[in-house]
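Visitor: The structure's right below; bear with me while I get my questions together.
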Amino acid sequence: IRKQKDNSKNSNKNSFLEKIDKLEAFSNFTDIQIRNTQITVFCSAIWQLINVDDKLTEEESSQFIEFAKEMSHKYLGDDNDKNDPVIAELMQDPDKMIGVIKTFPEDELEFFWDTLFSFAMVDGEFSFEEANLIGLIASGVYENLSSDEIKNWMENKLSKS
């Protein structure tokens with residue numbers, strides 16, 4: 001049984017929990033494991049993005065270190081919860097990682113995309129590899145969109161960043 005702590009977030013939290021319940025990867029996870037998995041997937045996606053072109057710039061590296069420090073404060077539980085081997089195993093499967101991204105609440109999903117595009121543009125250019133990775137993630141998250149719609153969505157996001 002899950003307890004609601006903040007009544008103002010109940011409606012948002014309920015739709016969030018419904019999404020989580022649909023994700024098979026979370027079938028035996030505690031709330032702490034679910035939240036830590038989401039944070040880990042978020043960080044991992046950013047790390048993969050800045051390394052996708054096989055050249056990690058100083059700007060990317062220093063921004064990632066700051067980002068990782070900020071995100072580390074969001075982890076729940078003690079050190080055993082943060083370094084959960086079940087989460088580490090889940091991180092090896094790109095399909096499950098996309099499944100986790102799909103469970104992000106709407107505002108966090110927007111923050112995820114904004115952060116991803118921000119890191120893609122940190123060196124001033126949007127590389128082919130970065131575009132491919134973001135497109136791959138977006139097409140997994142937004143399965144109902146065509147390739148052209150994903151491309152338009154990405155162009156729209158780029159124009160805003």
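Visitor: Report the calculated FRET efficiency for residue 62 and residue 155 (r = Cβ-Cβ distance, R0 = 22 Å), to the nearest 0.05.
Guide: The computed FRET efficiency comes out at 0.20.
Visitor: So, taking all protein chains as they sit and a 1.4 Å probe, how much accessible area belongs to residue 47, in Å² rounded to tens?
Guide: Its heavy atoms expose roughly 110 Å² to the probe.
Visitor: Now a separate question. Sticking with the crude label model, points 7 Å out along Cα→Cβ, report the distance from residue 128 to residue 48 in nm, one decimal please.
Guide: 2.1
Visitor: Hey, another quick one. Would you kindly derive the ³J(HN,Hα) couplings of the range 116-126 from the backbone phi angles with the Karplus curve 6.51 cos²θ - 1.76 cosθ + 1.60 (θ = phi - 60°), listing them in order in whole Hz, with x for Gly and Pro?
Guide: With the stated coefficients, the range 116-126 comes to 4, 5, 4, 5, 5, 9, 4, 9, x, 9, 9 Hz.
Visitor: Using a 1.4 Å probe and counting only protein heavy atoms, arrange 157, 102 so the residue with the most accessible area comes first.
Guide: Of 157, 102, the descending order of accessible area is 102, 157.
Visitor: Using a 7 Å offset from the Cα along the Cα-to-Cβ direction at both residue 145 and residue 86, what is the distance between the two label points in nm, to one decimal?
Guide: Going from the residue 145 label point to the residue 86 one covers 3.2 nm.
Visitor: Please list 3J(HN,Hα) in residue order for the range 32-40, calculated via the Karplus relation 6.51 cos²θ - 1.76 cosθ + 1.60 where θ = phi - 60°; whole Hz, with x for glycine and proline.
Guide: These are the phi-based 3J(HN,Hα) values: 5, 4, 4, 5, 5, 5, 4, 5, 5 Hz.
The values are calculated or read from the model by the stated rules, or taken from the named source; none is laboratory data. None of the values given here were measured: they were computed from a predicted structure. When we count neighbours, we look across all protein chains shown, and the Cβ atoms used for this are built from the backbone with ideal geometry, even at glycine. Protein only, heavy atoms only, side chains kept; ligands, DNA and RNA dropped before computing areas. Shrake-Rupley method; radii C 1.70, N 1.55, O 1.52, S 1.80 Å.
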